[in-house]
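One structure below.
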Amino acid sequence: MYQAEGANGVTNEQRTTQILDAVERLLSHGGLEAVTMRAVATEAGVSLRLVQYYGNSKDELLHSALRRLSLRSVERWQHASSAGEHSSIETFLLEALPTDDESRSLHRVGVSLELLSITTESPVADAYRAHLSAIHEYLVCLYRTRYPQLSEVQAAGFARQCMAFMHGLGSLVMAGHTTAEQARICVSEFVERPTR
């Protein structure tokens, strides 16, 4: 697909990536308060005017960052699932663990966006809730596939438990309370619960 080039031969896609990378770094290191249009421009090494061209407001930039975060998360799960070493549910949980630079960054950005959804009513907060709903639906499908005996209601309940478990476990790992290996053991034990 053709990408229009701007100054210095940079395509729109490359510039968007540059700006959204800056948004994610700011979120990861300083939370929501660190993200301003001017801070994004400084972090990305571009002009404020250029940032405003790619996003009219902080909310618009955050919305784009969340959309990209969701896509990257799905790509990680799909890549790990193709290896076939674990069940789909276990793969999902293991990939969600913040145990490398990318997953830790994803977790920090996710926590920042979660805080926004708790404290405000905004398009970004709505998008984050939609992201959670999409994860829930995905997990319901995984549970129904692995455990055909489960009803839709039962699978939905297990999916909610799975999300709550992962959220808490990820935070324990990020806080240094739980090691990556301890977390992996917890995941292995957790995925067997529906069969007991």
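The values are calculated or read from the model by the stated rules, or taken from the named source; none is laboratory data. All values derive from a computational prediction rather than experimental measurement. Counting neighbours? That spans all protein chains shown, and the Cβs are built from the backbone with ideal geometry, glycine included.
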Criterion (among the basic types (Lys, Arg), surrounded by fewer than 15 Cβ atoms within 10 Å (Cβ to Cβ) and outside any loop (DSSP other than H, G, I, E, B)) met by exactly one of Arg108, Arg67, Arg76: Arg67
Lone unmet requirement of (1) touching a helix residue (DSSP H, G or I) at 6+ places or on another chain (Cβ under 9 Å); (2) under 23 Å from Ser70 (Cβ atoms); (3) small (Gly, Ala, Ser) for Ser133: (1)
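Would you call Ala164 at pLDDT 90 or above and surrounded by 14 or more Cβ atoms within 10 Å (Cβ to Cβ)?
Working: at pLDDT 90 or above: yes; surrounded by 14 or more Cβ atoms within 10 Å (Cβ to Cβ): no.
Criteria not met by Ala164.
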Among the residues listed as Ala130, Ala125, the single one being buried (at least 19 other Cβ atoms within 10 Å of the Cβ) and free of Cβ contacts under 8 Å to residues at least 24 places away in the same chain: Ala125
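Per-residue answers, yes or no, for (1) touching a Phe, Trp or Tyr at 6+ places or on another chain (Cβ under 6 Å); (2) modelled with pLDDT of 90 or more; (3) closer than 18 Å to Val74 by Cβ:
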site: His86; (1), (2), (3): no, no, yes
site: Tyr128; (1), (2), (3): no, no, yes
site: Leu172; (1), (2), (3): no, yes, no
site: Glu192; (1), (2), (3): no, no, no
Filter pass, Arg144 being assigned to a helix (DSSP H, G or I), under 30 Å from Asn56 (Cα atoms) and either not assigned by TED's automatic domain parsing to the domain that holds Ala34 or not basic (Lys, Arg) (or both): no
Boolean, Glu121 is assigned to a helix (DSSP H, G or I), out of contact with any Leu (no Cβ under 7 Å at 6 or more places or on another chain) and either modelled with pLDDT under 90 or among the charged types (D, E, K, R) (or both): no
